[in-house]
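Here is the structure we will look at, set down as structure tokens.
What follows is calculated from the coordinates using simple rules that are stated; it is not laboratory data. These numbers come from a predicted model, not from an experiment. In this analysis, Cβ positions are derived from the backbone assuming ideal geometry, glycine residues included, and neighbour counts consider all displayed protein chains.
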Amino acid sequence: MNTDALVAHARARFDHAATRRVLKEKYEAKMVFAHGGGMWRAGPDLLTVLLACAQDTDVVILDLYETPVKITVTDLFARAHERWQEQMNAWKVEWDELSKKR
């Protein structure tokens, strides 16, 4: 392999890694939403906490900025789950396109 080919390969790998990081940051930012007077990040952590509180109707939990907020579990779970699935599906579509270019 000549030097130009090695440089081109390294550049393509670096570009792919950088694009992958940017894609992750983009969709992590889209996971943040406001609900019930607090700011929340949709994801496995929030969904797990809400599932653990499923027996209760109203609970007080810490939001993204560690502010205690009283929420209705079913409402916040529905919003968080919807946001999570919506963004993960969009992320998957962009990821597949990125993988094809590689």
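Sorting the segments 87-96, 27-36 by their mean number of nearby beta carbons within 10 angstrom, highest to lowest, gives 27-36, 87-96. Identify which of the listed values of mean projected area of the Cα convex hull in nm² was calculated from the structure shown: (i) 11.5; (ii) 7.9; (iii) 7.6. Entry (ii). Taking 20 Å as the cut-off, the amide N atoms of the stretch 15-42 that come nearer than this to a point 7 Å along the Cα-to-beta-carbon line of A78 belong to 32-42.
Modelled spin-label separation between D58 and W95, with each label point placed 7 Å from Cα along the Cα-to-Cβ direction: 3.9 nm. Which residues does a label at R41 reach in the stretch 51-71, if reach means a backbone N under 15 Å from a point 7 Å past the Cα toward the Cβ? Zone members listed by number: 62-67.
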